[in-house]
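This report refers to the structure that appears directly beneath it.
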Amino acid sequence: IPKGVLLIGPPGTGKTLLARAIAGEANVPFFNLSGSDFVEMFVGVGAARVRDMFEQGKKNAPCIIFIDEIDAVGRHR
């Protein structure tokens, strides 16, 4: 079983739907996080959200953590 999968493609092609469907078929919790949640005005807020999400994932393992629009991270500095 892979530890991670990268889904790439243009917007609106069903990447999120596919991830939700896999979680549903596997009967595991699905956690959705947007890449824009990483980028916050105040230092540390985005990182804290990500940490909290992964803590929730550990508590509910096995689960699927889906990070949408990850390309938003690292664009601006």
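Before moving on, here are some points about what is shown:
- Taking all Cα-Cα distances within the chain, those exceeding 16 Å account for 55%.
- Mean separation of Cα pairs under 8 Å and 6 or more residues apart, divided by the residue count, gives the chain a relative contact order of 36 percent.
- 3J(HN,Hα) along the stretch 60-67, derived from phi through the Karplus expression 6.51 cos²θ - 1.76 cosθ + 1.60 where θ = phi - 60°, amounts to 10, 5, x, 7, 10, 10, 10, 9 Hz, with x in place of Gly and Pro.
- Size of electric dipole in the chain: Cβ of Lys, Arg +1 and of Asp, Glu -1, about Cα centre, debye, nearest 20: 160
- Helix axis angle, 45-59 relative to the chain longest principal axis, alpha carbon, degrees: 20
- Distant-in-sequence amide contacts of residue 32, defined by a placed amide H-H separation under 5 Å and a gap of 5 or more residues or a different chain, comprise 66.
- Relative packing of peptides 32-38, 51-57 - highest average C-beta neighbours within 10 Å first: 32-38, 51-57
- At R0 = 30 Å, FRET efficiency that the Cβ-Cβ distance of residue 16 and residue 48 yields, to 0.05: 0.80
Since every read-out is calculated from the coordinates, none of them should be taken as a lab result. Only a predicted model underlies this, so the values are computations on that prediction, with no experimental measurement involved. A quick note on method: Cβ atoms are made from the backbone with ideal geometry, for glycine too, and the neighbour counts reach across all protein chains shown.
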